[in-house]
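**Student:** Mind having a look at this structure? Questions to follow.
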Amino acid sequence: MSEDTLPLPTGYQLSALDPVYRETPWEPLGRLRDADPVHHDQQLNRYFFTRGSEVEALVKNRHLVVDPAKANDGTFTKTLYGQNSKELSLLMLDDPDHARQRNLVLKAFNKRSVDALTPRIHEIAKDLADDIEAVEGEFDFVQLFGSPLPTTVMAELLGVNAADRKDFRRWSLGCMQALNPFRTLEQTALYEESTTTLADYLAVEVEKRRGNTDEDLISRLARAEEEGDTLTTTDIVLLIRLLLIAGNSTTTDMIGSGIVQFLKNPDQLAKLKADPLLIDNALDEILRVEPPVAQALRTAPEEMHLVDKVVKKGETIHLSLFGAHYDPALNPDPQKFDITRQDIKHFAFGGGAHYCLGAGLGKVQAKIALPMLFDRFPNLAFAPEREVKHKIAPAFNGYGEIWLVK
């Protein structure tokens with residue numbers, strides 16, 4: 001059967017549960033984009049968008065809603081997030097509640113905070129590189145560097161007491177089981193224990209720091225105020241948990257994907273070493289080729305006519321970031337990893353009202369880590385006889401482990 005006569009991919013074929021999609025998403029998405037760019041996926045009950053033009057417009061459309069409670073029963077959004085929307089806090093709020101929380105958080109989670117933390121990020125990255133230096137033979141980059149870096153940085157940002165850091169890291173990793181759709185009973189128990197224990201710990205810390213003048217993120221969130229409005233202790237705990245679950249995981253994935261792409265494309269690594277100022281453009285290319293978040297979900301606030309489909313109120317609008325990033329109309333020759341690419345278009349940090357608050361912090365960590373690692377370990381390479389495979393994480397993209405040798 002030729003490719004032209006194959007049935008179009010749909011349902012779980014358009015998710016990380018499918019091995020073809022997981023490793024080469026541009027193949028099924030390219031076929032779908034050409035034949036049915038607004039695909040009504042009846043298996044998972046969603047409208048699946050793959051063209052860059054529609055994704056760009058819709059991801060920035062502030063009229064669309066994100067609250068799963070406003071989605072129709074049985075839709076993809078309701079099924080995926082309907083029972084856990086509180087866990088995702090700010091991500092699942094619409095205005096005016098979203099604007100209220102975001103404005104308050106922006107007062108604390110701003111560029112000044114990130115800039116002040118940058119020297120410490122250098123130190124943390126160096127210490128973790130020392131751990132790599134001490135290893136004999138092959139090692140898992142994710143476990144040894146990719147995961148500990150953002151977790152440790154977040155502990156610094158929050159002002160977690162040094163004596164509590166080991167517990168904090170364990171709770172943070174346990175909370176990230178929220179992203180694992182195949183949790184074992186043991187992992188589920190770890191997730192439930194970690195979220196409960198961490199919430200209790202954070203609630204105590206928030207109350208202790210209300211009214212003080214310290215510059216850590218918990219203190220800044222606790223005293224953030226706008227027109228007499230403040231964040232409740234519950235608001236702050238949920239926001240911090242969101243940063244740990246979504247922020248840490250996506251930063252780990254961005255850095256890990258950078259390692260993989262540069263090792264697969266040594267010519268591009270040579271360009272970066274020859275011109276270190278290419279790092280910012282390189283990060284955007286990494287985010288285009290390997291977006292840590294694979295989708296943006298919106299709900300139609302009313303009946304909408306989108307290209308050749310009528311999307312009813314309450315239906316799921318699924319914006320495929322891979323589909324948009326690999327659209328040759330948006331990024332010519334999209335399968336090529338090119339750190340000198342001009343006018344890179346990607347939506348890895350979302351857009352509009354829901355543009356990622358932690359984008360700056362994540363990019364600073366990758367900007368520090370990647371050049372330092374390749375400079376310190378010039379012979380870094382994939383471990384022999386170890387496959388480099390993406391993890392199975394619907395809605396997300398990255399590598400569960402990356403085995404390397406020095």
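A short reminder: the numbers here are calculations on the coordinates, not readings from a lab. This one's a predicted model, so the numbers in the text were calculated from it and none came from an experiment. A quick note on method: Cβ atoms are made from the backbone with ideal geometry, for glycine too, and the neighbour counts reach across all protein chains shown.
**Student:** Please list 264-271, 386-393 highest first by mean number of surrounding beta-carbon atoms within 10 Å per residue.
**Tutor:** Descending packing order for the listed peptides: 386-393, 264-271.
**Student:** Filter the GluC sites (Glu not before Pro) in segment 85-154 down to the DSSP loop ones having no more than 13 other Cβ atoms within 10 Å, then list what survives.
**Tutor:** In loop regions of segment 85-154 (DSSP not H, G, I, E or B), the sparsely surrounded GluC sites (Glu not before Pro) are Glu136.
**Student:** Let me ask something additional. From the phi angles alone, apply the Karplus equation (6.51, -1.76, 1.60; θ = phi - 60°) to segment 38-47 and give each ³J(HN,Hα) in whole Hz, x where the residue is Gly or Pro.
**Tutor:** Once θ is set to phi - 60°, the couplings for segment 38-47 become 10, 8, 7, 7, 7, 5, 10, 6, 7, 9 Hz.
**Student:** Also, quick follow-up: How do Cys175, Cys356 line up, fewest other C-beta atoms within 10 Å first?
**Tutor:** Sorted ascending by nearby Cβ count, the order is Cys356, Cys175.
**Student:** Which value in deg cm²/dmol, rounded to the nearest 500, describes the helix-derived mean residue ellipticity at 222 nm for the chain, given -39,500 (n - 2.57) per DSSP H run of n ≥ 4 and division by the residue count?
**Tutor:** Helices in the chain give a 222 nm mean residue ellipticity of -14500 deg cm²/dmol.
**Student:** Right, something else. Pairs Lys126/Lys345; Lys126/Lys273; Lys78/Lys309; Lys264/Lys363; Lys271/Lys367; Lys309/Lys391: which exceed 23 Å Cα-Cα?
**Tutor:** Long pairs (Cα-Cα over 23 Å): Lys126/Lys345; Lys309/Lys391.
**Student:** Tabulate in residue order the Karplus-calculated ³J(HN,Hα) for segment 326-337, using 6.51 cos²θ - 1.76 cosθ + 1.60 with θ = phi - 60°, rounded to whole Hz; enter x for Gly and Pro.
**Tutor:** Running phi through 6.51 cos²θ - 1.76 cosθ + 1.60 with θ = phi - 60° gives 9, 6, x, 6, 9, 10, x, 6, x, 7, 7, 8 Hz.
**Student:** Which order do Asp327, Asp338, Asp280 fall in if you start with the one that has the fewest other Cβ atoms within 10 Å?
**Tutor:** Asp280, Asp338, Asp327
**Student:** Next up: For the pair Asp95 and Ala395, how long in nm is the line joining their label points, each one 7 Å along Cα→Cβ?
**Tutor:** Those two pseudo-labels are separated by 2.4 nm.
**Student:** A further question on this structure: Between segment 1-69 and segment 284-308, what is the separation of their alpha carbon centroids in Å?
**Tutor:** Going from one Cα centre to the other spans 9 Å.
**Student:** Turning to a different aspect of this structure: For segment 384-394, what does the Karplus curve 6.51 cos²θ - 1.76 cosθ + 1.60, with θ = phi - 60°, yield as ³J(HN,Hα) per residue in whole Hz, taken in order and with x for Gly and Pro?
**Tutor:** x, 6, 10, 6, 9, 10, 5, 6, 8, 9, x
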